[in-house]
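The values are calculated or read from the model by the stated rules, or taken from the named source; none is laboratory data. Since the model is a prediction, treat every value here as computed from it, not as a measurement. Every residue, glycine as well, gets a Cβ built from its backbone with ideal geometry; the counts of neighbours run over all protein chains shown. The accessibility values were calculated without ligands, DNA or RNA, using every heavy atom of the protein model including side chains. Shrake-Rupley method; radii C 1.70, N 1.55, O 1.52, S 1.80 Å.
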Amino acid sequence: MSTPSSQGNGFDRILIFDTTLRDGEQAPGAALNVDEKLTIARQLARLGVDIIEAGFPYSSPGDFEAVQKIAEQVGTETGPTICGLARATKADIHAAAEALKPAVRGRIHTFIATSDIHLEHKLKKTRAEVLAIAEEMVAYAKSFVSDVEFSPEDAGRSDPEFLYQVLERAIAAGATTVNIPDTVGYTTPAEFGALIRGIKENVPNIDQAVISVHGHNDLGLAVANFLEAVKNGARQLECTINGIGERAGNAAMEELVMALHVRRQYFNPFLGRPVDSEAPLTNIDTRQIYKTSRLVSNLTGMLVQPNKAIVGANAFAHESGIHQDGVLKHRLTYEIMDAQSIGLTDNLITLGKLSGRNAFRTRLKELGFELSEQDLNKAFVRFKELADKKKEITDWDLESIVNDETQQTPEHFYLEWVQVTCGDHARPTATVTLRLPSGEELTDAAIGTGPVDAVYKAINRVVNVPNQLIEFSVQSVTAGIDALGEVTIRLKQGDRIFSGHSANTDIIVASAQAYVNALNRLYIASQQPEKPETATAKV
Ligand code: KIV
Ligand code: ZN
């Protein structure tokens, strides 16, 4: 896969830079472990993103390791460019360069704030000092990799004249991409478009770099801002799956990609193409969008709101009689895109009780899962268990059990069994047994206001880890009384949030597993203190 970063900003396709694993992961409670980041990175590669921002290597040993592993296993000859974030300091840039070494194509993304508000209150530096640092640090990054991206943080609130100077110096020092962040989601589409146009017109060497945009969704305008930026010369979009990220999140990739796809006739001329060109505007395989969205939601514990554009549960549902009637007469009356174009299949029933290991493996392969022999065995056992309870197994069931079986957090507490009695004449009572790595089994029981409450109280008595449950949600994977129930929870300890996810036909079991899953994350995080600098290193 080639990244046309050396072709200046005149090329006629849009680069998709995914920052789910860096900016997305900064969302409260979205923390992922290294294996989960690798799983997402592999899926992002299948989705066809051009660049994966895999993390911020200096910020913690975990981030360093994740970037390094993604560079090694996903940043292959045919894979995407792998990028690491670095503040404009030698230590950050050096860490990023080290972590990116295994990638065939590695990019260092270095940044420093340029708005007066940041200069005065955060950096306590003059404009002249920031100019010099930007130039020096881009050159330093360039001494490690040829592909260097520079971001003037808070560009949306920076003085454009100063911005032009910083960008000119960064490009002269070797930046091949200049990224314009609306860090606080403050600008409006017309303003953001004008900012990009101003940069194109006033930075003398701008044709030596790709113009990129990055934006947060504080006013709900990030996607609209980016589309305006494309019209004015931006050719790289920095976005996240499901729009996750700091505060109100980042620009949502699925919305950007589908807007460019569905409305390509509108956008074609801005990229110098014939109006009716059918050539895709991005490299994204749109049929992988839904699957990627579910994966990110399951692993981060950040649920997708039902009315979310493109990937929300209601995005393709027609409830009103008038709409249903129209769609039945002609789909285009009320639908601007086909559900299949984002990979929402017709929920095919593909396997059943009698399906063997070969059929199972083949279908998983068709769905894009390449499992190790060990993971395949685990998933096959789960499939057989499910097939005993549920007559027809759909692709979504398969996805759910494979994700559940292969992406669990390393376990400290293992749920051995859970049993509940409840009913309208019984006090909900739960007994649980958890196993520790030493093999020791701990059992306790509790009464609760309902069965889930009783289970969580019993687990708490066993683990004795103070926490507060802040979110609990159950969703069914498919329709039908025998459907798998997916439970997603979030719990809080101090100011840190941890998520857990699990799927089972028994929602009490799924609830117990999701809780234990979150407790494992909490426990593992408490064993790995972050570097002291991390608090300030998060951006
Ligand atoms: O929002 C922001 O400004 C960032 C930069 C590091 C690009 O995330
Ligand atoms: Zn950001």
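Inter-label distance, Gln527 to Arg461: 2.6 nm, where each label sits 7 Å from its Cα along the C-beta direction. Taking the longest Cα principal axis of the chain as reference, the axis of helix 90-100 is set at about 60 degrees. Residue separation of Ser320 and Ala128 scaled by 0.36 nm, minus their Cα-Cα distance, works out to 63.1 nm of gained length.
Using Cβ point charges alone (K and R +1, D and E -1), the dipole size of the chain about the Cα centre works out to roughly 340 debye. Only alpha carbons enter this Debye calculation for region 148-231, each as an equal point scatterer, and the log10 of I(q)/I(0) it gives at q = 0.13 Å⁻¹ is -0.34.
Scattering from the C-alpha atoms of region 15-300 alone, worked out with Debye: what is log10 I(q)/I(0) at q = 0.12, 0.16 1/Å? Log10 I(q)/I(0), no solvent term: -0.69, -1.30. Taking the inverse of the mean 1/r over every pair of distinct Cα atoms in region 274-361 gives a Kirkwood hydrodynamic radius of 15.9 Å. Annotation for region 405-509: GluC sites (Glu not before Pro) lying in DSSP loop with at most 11 further Cβ atoms inside 10 Å of their Cβ are Glu440. Computed on region 433-516, with alpha-carbon pairs under 8 angstrom and 6+ residues apart, the relative contact order is 21 percent. Residues in region 36-47 carry Karplus couplings, in order, of 5, 5, 5, 4, 5, 4, 4, 5, 5, 5, 5, 5 Hz; the curve used is 6.51 cos²θ - 1.76 cosθ + 1.60 with θ = phi - 60°, and Gly or Pro positions show x. When Leu227, Leu386 are compared by accessible area of protein heavy atoms, the largest-first order is Leu227, Leu386, using a 1.4 Å probe.
Across the chain, Cα pairs under 8 Å and at least six residues apart give a relative contact order of 12 percent.
Sorting 492-500, 423-431 by their mean Cβ neighbour count within 10 Å, with the most densely packed peptide first, gives 492-500, 423-431.
Computed on protein heavy atoms with a 1.4 Å probe, the accessible areas place Ile336, Ile470 in the order Ile336, Ile470, largest first.
Surface composition of the chain: carbon and sulfur make up 51 percent of the accessible area, probe 1.4 Å. With protein chains left intact and a 1.4 Å probe, residues in region 33-135 average 35 Å² of accessible area per residue.
The angle between the Cα long axis of helix 222-231 and the main principal axis of the chain comes to about 40°, on a 0 to 90 degree scale.
Put a dot 7 Å past the Cα of Ser143, heading toward its Cβ, do the same for Ala91, and the two dots end up 1.8 nm apart. Partners of Lys378 within straight-line reach, counting lysines whose Cα lies under 22 Å from its Cα and excluding those fewer than 8 residues away in the same chain: Lys37, Lys291, Lys353, Lys365, Lys389, Lys390, Lys391.
Given N residues in region 186-241, what is its alpha carbon radius of gyration divided by 2.2 N^0.38 Å?
1.09
FRET efficiency for Leu332 and Lys200, Cβ-Cβ distance as r, R0 = 35 Å, nearest 0.05? My answer for the efficiency is 0.45. Volume of the convex hull of region 171-282 (Cα atoms only), normalised per residue: 103 Å³. The separation of region 157-177 from region 43-73, counted between C-alpha centres, amounts to 26 Å.
A Förster radius of 41 Å combined with the Cβ-Cβ distance from Asp207 to Lys391 puts the calculated FRET efficiency at roughly 0.10.
Each of Val381 and Thr188 was given a label point 7 Å from its Cα along the Cα-to-Cβ line. The distance between the two points is 6.0 nm.
Over the chain, dividing the summed -39,500 (n - 2.57) contributions of all DSSP H runs of at least 4 residues by the number of residues returns a 222 nm mean residue ellipticity of -11500 deg cm²/dmol. Here the alpha carbons of the chain define both size measures, Rg and Dmax, at 24.4, 78 Å.
Sparse packing (at most 14 other Cβ atoms within 10 Å of the Cβ) combined with a DSSP loop state is found for the following GluC sites (Glu not before Pro) in region 223-280: Glu278.
Per-residue accessible area (protein heavy atoms, 1.4 Å probe) orders Asp92, Asp285, Asp506 as Asp506, Asp285, Asp92, starting from the largest. Segment Leu367..Lys101, full-extension length gain: 92.6 nm, with 0.36 nm per residue of separation and the alpha-carbon distance subtracted.
Trp417 exposes around 110 Å² of accessible area when a 1.4 Å probe is run over every protein chain in place. Computed over the Cα atoms of region 414-526, the ratio of the radius of gyration to the Kirkwood radius (Rg/Rh) comes to 0.97.
Between 0 and 90 degrees, the angle of helix 289-300 with respect to the longest Cα principal axis of the chain falls at about 70 degrees.
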